[in-house]
Amino acid sequence: KVTFFSRPYKGYEFIAPWVPVVGLEIHAQISSNSKLFSGSQVQFAAPPNSLVSFFDASLPGTLPVLNRRCVEAAVMTGLALNCSINKKSLFDRKHYFYADLPAGYQITQQRVPIAVNGRLSYSLCIDNKMSQMVTKTVRIKQIQLEQDSGKSLHDDTRSQTLVDLNRAGVGLMEVVMEPDMCCGEEAAAAVRELQLILQTLGSSQAVMAEGQLRVDANVSVHHPGEPYGVRTEVKNINSIRFLAKAVDYEIQRQTEELENGGTILNETRAFDSKLGCTVPMRDKEGKQDYRFMPEPNLPPLILYDAKYLPANTNHQQVVNIDWIHERLPDLPSVKRAKLVEQYGILPEHSFTLLNEDGLTEFFENVVKQTQMKPKKVIGWVLNDLLSYLKQHSLTVKESPVSPFLLADLLNLLEKKEISSTAAKQVLAELWKGEGKTALEIVKEKELELIQDQKELEQICQAVIDGQENEVIMMVLGRNQKVLNKLIGLVQRETQGRSNPVLVKQLLEKKLSE
Amino acid sequence: MKKTLYVAHFALIAVVFAIIPNAGQPLGVLDGIPIAVKDNFSTAGIETTCASNMLKGYVSPYNATVVQKLLDQGAVLLGKTNLDEFAMGSGSTDGVFGPVRNPWSYSRQYKEKSVPKSHSEDKDANWVITGGSSGGSAAAVSSFTCFAALGSDTGGSTRNPAAHCGVVGLKPTYGLISRHGLIPLVNSMDVPGILTRCVDDAAVVLGSLAGHDPKDSTTIQDNFKPFELPNLTDVSKFSIGIPKEYHAPGLSNEILALWSKAADLFKNAGAKVIEVSLPHTRYSIVCYHVLCTAEVASNMARFDGLEYGHRSDMNKSTESMYAATRREGFNDVVRGRILSGNYFLLKQNYENYFIKAQKVRRLIANDFVKVFRSGVDILLTPTTLNDAVPYMEFIKEDNRTRSTQDDILTQAANMAGLPAINVPTALSERGLPVGLQFIGRSFQEKQLLTVAKWFEKQVKFPMIQLEEVKRHDHGVFQHQKSASFS
């Protein structure tokens, strides 16, 4: 399937029609108390080699015992990604020698994985405008259960390698995305959506910085109509932002290489985040034959659904796909649709809400506590609140302005006690987090709208009187521009404490007299 | 045989010590019973070597489930027994501690019959092997140093030495007894084996060991109920099958005759005895070779010197350390099987070798299914091709050749996962034990052992007469006047 490259690629001229093809292999660490095949604990940043059972250390005579929670996590994820769940799946051994692989093989699912043939929908904004979003789909080839390896740290000064087996045996879901993506942005958006899904399901915490979500990209380029080019695998990508960079760099590198008459090697490359480029990895010299073999100590994994559940089964011993399906939480796409429907906000808005951790809750809390319509609240949350947080690299949780404070402010605005310009000023003060309420700041800075109509009328009259030329112009017919100028003058006079709508009405009334 | 005497006394002392602390309530059926365990079972706090340099000094931190079960019953562990390195072999001659000597080498029965080649020859020179790979366990039971021993059986490793040492050797159905803690050779065929002096004892030990183990996902979930064997008198309800393919090339005339006599015994007692066919028997050796070496290559991958066991001093790089460790730690037999196994698992060979062998394995297993479905209850076959050969003769051929020859009669039961038992039958012309094998239906150990027990009673296999022991204990080990089967 050839995806025709339909828009100009950022960064260089659209000269030669090279079609980039990007596939992804994503490893998500399963969120569970214990490991995939043994009872030792799963915990981030524990003292080295403190979470290692006899089986994890590959002591002779130890046997794997499958962790039920890991199976459920994989089934949940498979269902969320619209996969077919294989009622019978198998475990295999993948052999290679490495210091962080104590048994000399990894237990994985090569022949028949637990879930296949799914799809993931994700959205991108076109041309950096939040107003235009397009939905894309990437096919999920399969999801398989497998063991994580330990960690090895190379200490060159002392010519030694330090091995920490805490992570050895932790459950992973490998999610394979078909090469349906065409650039870094698509890859990043797809991964971001997968991350949100996993976090919603709870099957993985999917925090890239803690190694709970690892992405390898397969990149190649070819001319349309021709077969796919040689692909490279890019590893060592530590964030979604770096994923986009790495993929785009690699596409560019390959394109330039081929344009200059060179060839692409089928190799593994590492992304160097400092230099912003990919470099060949020395580890993998030549192709490895993993000598796959069925894992003889684990019988086939059989899953049931309500229809085929045998009569006398012990509920503890059985994983029921239908039971899991019934208990799936709302996925991000469903959540977004509900937000749009419930609050009348735009799809792009719901996107941003879900994209920031905690922002949806913040928004909903504000809406609950204010009379302002959600359609208006959203602007304050996305434009004012969010941009401030971004500027200061704060998370929603760290916001010095709580939903209550913002709701309170918006209420003042809604009751027309202050103008929106004033409201922005108040917000700027609230950021300082000095514990004052909006009302206190308004009083302090004297930002209240002038409520006394008579006072306002007097000011309007004064302004009109002082602007004879403008009045003549108005009579001659250039209404709007003059009117706006007059409104501006009134605002200046009142130091922003006049309601522009009311002022316009008063001026118009006076001028018509 | 000073060593035997020492061990026998030690056994008495151990029994005494075992009883005193537990004064009052016996822990279980095996309370105070001395047992031995093959050195490929993990024993907590006790060195577990698999007779290999790779694990010399390795002290396991946990007990194998079967060991734990025996200890929970109050059994007294006398020691770990010798074997072929990593259970690879059929003579118990290729372990790092040296070969195991068959106690029958020192029996009056053997010495009477053996003619030294010349007077100057060392009397000891023609001692015979135990068979393998659980030779140490078989020898321990055979020489009265313990009442029962654990072996393992992957291709015949419990039944073969049982036959050569004149003891009962039971291979249970795959999935009945936990393999947790049994250092694996071939995960899909290994079972813990039971060696005892009589069939009743085997049933008792089986009763303590069988049952689901959550730590071993290949054990069946069904509840297992220990059983007592009935004293069968009437075998007329049974149908005994005689598989013609077990008249294998190399089967000695002596054993052939014995086999025939045994069949007649059943016939005369009223049982239905019929010839059956297991047509794929002749492919089992090659099939076993492929599957066994493939799993060995995989199972041995963990021995890299990093976490436990032998580690080479070579430290130029991780890879060179691995290579040196494995070269130093493993003997030729193990390394040979690793190389073969890796070859068969290569991507380009996997389909033609490994997959094909799995298919052949299914055919072999189906042979048995068909025969048992046709109304046959138990199969009767020889266990070995010959009686035990002298060590000096045995080592003239390499391990692989010997295994190929010796496993032919026992291996198919491992392929099919079926229960099988060696019952000592008679002494050969050379005064050495010969046993016959019964193979039963999956999980029908009770039926299998019931028939075996009946047979055992008929043949009255003679007791080993160990000369030195006899000298010290007049009257304890009486010379049995047996109407012996041969």
Unmet criterion (only one of (1) buried (at least 20 other Cβ atoms within 10 Å of the Cβ); (2) over 18 Å from B:Lys244 (Cα atoms)) for B:Met392: (1)
Would you call B:Asn82 open to solvent by 10 Å² or more (accessible area, probe 1.4 Å) and within 14 Å of chain A (Cβ to nearest Cβ)? no
Of the residues that make up segment A:251-265, is at least one in contact with a Lys or Arg (Cβ under 7 Å, 6 or more places away or on another chain), among the acidic types (Asp, Glu) and outside any strand (DSSP E or B)? no
Residue count, segment A:290-304, condition in contact with a strand residue (DSSP E or B) (Cβ under 7 Å, 6 or more places away or on another chain) and open to solvent by 40 Å² or more (accessible area, probe 1.4 Å), comes to 5
Can you go through A:Leu413, A:Leu339, A:Leu354 and tell me which one is in contact with a helix residue (DSSP H, G or I) (Cβ under 9 Å, 6 or more places away or on another chain), under 28 Å from A:Val442 (Cα atoms) and in contact (Cβ under 8 Å) with a residue 12 or more places away in the chain? A:Leu413
Out of segment B:70-79, which residues are within 11 Å of B:Leu150 (Cβ to Cβ) and open to solvent by less than 20 Å² (accessible area, probe 1.4 Å)? B:Leu70, B:Ala75
Of all residues in segment A:364-385, which are open to solvent by less than 20 Å² (accessible area, probe 1.4 Å) and assigned to a helix (DSSP H, G or I)? A:Val366, A:Val377, A:Ile378, A:Val381, A:Leu385
Just need a number here: residues in segment B:267-294 that are open to solvent by 60 Å² or more (accessible area, probe 1.4 Å) and not basic (Lys, Arg). 5
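Go through A:Asn49, A:Asn86 for me and flag whichever is touching a residue at least 24 places away in the same chain (Cβ under 8 Å), more than 14 Å from chain B (Cβ to nearest Cβ) and open to solvent by 30 Å² or more (accessible area, probe 1.4 Å).
The conditions single out A:Asn86.
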Being within 13 Å of chain A (Cβ to nearest Cβ), open to solvent by 20 Å² or more (accessible area, probe 1.4 Å), farther than 27 Å from B:Ala51 by Cβ and out of contact with any Leu (no Cβ under 8 Å at 6 or more places or on another chain), is that true of even one residue in segment B:340-347? yes
Step by step: first the residues of segment A:90-107, then only those that are aliphatic (A, V, I, L, M) and facing chain B (nearest Cβ under 10 Å), then the one that is nearest to A:Leu66 (Cα to Cα). Which residue is that? A:Ala103
All but one of (1) surrounded by 16 or more Cβ atoms within 10 Å (Cβ to Cβ); (2) more than 26 Å from the chain's Cα centre (by Cα) hold for A:Arg269, so report the exception by its number. (2)
Across (1) surrounded by 14 or more Cβ atoms within 10 Å (Cβ to Cβ); (2) out of contact with any Leu (no Cβ under 6 Å at 6 or more places or on another chain); (3) at pLDDT 80 or above, A:Ala423 clears everything bar (2)
Going through segment B:58-69 one residue at a time, which ones are outside any loop (DSSP other than H, G, I, E, B) and surrounded by fewer than 24 Cβ atoms within 10 Å (Cβ to Cβ)? B:Val59, B:Gln68, B:Lys69
Residue under evaluation B:Leu278, criteria (1) in contact with a helix residue (DSSP H, G or I) (Cβ under 6 Å, 6 or more places away or on another chain); (2) more than 14 Å from chain A (Cβ to nearest Cβ); (3) more than 20 Å from B:Asn414 (Cα to Cα), criterion not met: (3)
Residues that are under 17 Å from B:Ile35 (Cβ atoms) and touching an Asp or Glu at 6+ places or on another chain (Cβ under 6 Å): does segment B:161-170 have at least one? no
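Yes/no per residue for (1) of a type in the set (Ser, Thr, Tyr); (2) buried (at least 20 other Cβ atoms within 10 Å of the Cβ); (3) within 13 Å of chain B (Cβ to nearest Cβ); (4) free of Cβ contacts under 8 Å to residues at least 24 places away in the same chain:
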site: A:Thr135; (1), (2), (3), (4): yes, no, no, yes
site: A:Gln144; (1), (2), (3), (4): no, yes, no, no
site: A:Gln147; (1), (2), (3), (4): no, yes, no, no
site: A:Gly150; (1), (2), (3), (4): no, yes, yes, no
site: A:Leu165; (1), (2), (3), (4): no, yes, yes, no
Keeping to segment B:24-47, report how many residues are over 18 Å from B:Gly132 (Cβ atoms), among the polar types (S, T, N, Q), part of a loop (DSSP other than H, G, I, E, B) and within 14 Å of chain A (Cβ to nearest Cβ). 1
Taking the condition within 14 Å of chain A (Cβ to nearest Cβ), touching a Phe, Trp or Tyr at 6+ places or on another chain (Cβ under 8 Å) and within 24 Å of B:Ala412 (Cα to Cα), does B:Pro184 pass? no
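Being at negative phi and within 14 Å of chain B (Cβ to nearest Cβ): is that true of A:Pro299 here?
Yes.
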Exactly one of B:Ala297, B:Ala301, B:Ala257, B:Ala262 is away from every other protein chain (no Cβ under 14 Å), outside any loop (DSSP other than H, G, I, E, B) and open to solvent by less than 10 Å² (accessible area, probe 1.4 Å), and that one is B:Ala262
Looking at segment A:20-45, which of the residues that are among the aliphatic types (A, V, I, L, M) and open to solvent by 20 Å² or more (accessible area, probe 1.4 Å) is farthest from the other protein chains (Cβ to nearest Cβ)? A:Ala45
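Taking the stated definitions as given, is A:Gln110 within 14 Å of chain B (Cβ to nearest Cβ) and open to solvent by 40 Å² or more (accessible area, probe 1.4 Å)?
The answer is yes for A:Gln110.
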Looking at B:Asp222, B:Asp213, can you tell me which residue is under 30 Å from B:Glu85 (Cβ atoms) and within 14 Å of chain A (Cβ to nearest Cβ)? B:Asp213
What single numbered condition from (1) in contact with a Ser or Thr (Cβ under 6 Å, 6 or more places away or on another chain); (2) open to solvent by 30 Å² or more (accessible area, probe 1.4 Å) fails to hold for A:Leu410? (2)
Across (1) part of a strand (DSSP E or B); (2) more than 25 Å from A:Ile107 (Cα to Cα), A:Met173 clears everything bar (2)
Selection count where residues are in a loop (DSSP other than H, G, I, E, B) and open to solvent by less than 10 Å² (accessible area, probe 1.4 Å), scope segment B:127-156: 9
Can you find a residue in segment A:207-215 that is in a helix (DSSP H, G or I), in contact (Cβ under 8 Å) with a residue 12 or more places away in the chain and either among the charged types (D, E, K, R) or buried (at least 20 other Cβ atoms within 10 Å of the Cβ) (or both)? yes
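The values are calculated or read from the model by the stated rules, or taken from the named source; none is laboratory data. Note that this is a predicted model, so its numbers are computed, not measured. Because the Cβ atoms are built from the backbone with ideal geometry, glycine has one as well, and the counts that use them run over all protein chains shown. The area values use the complete protein model at the heavy-atom level, side chains included, leaving out ligands, DNA and RNA. Shrake-Rupley method; radii C 1.70, N 1.55, O 1.52, S 1.80 Å.
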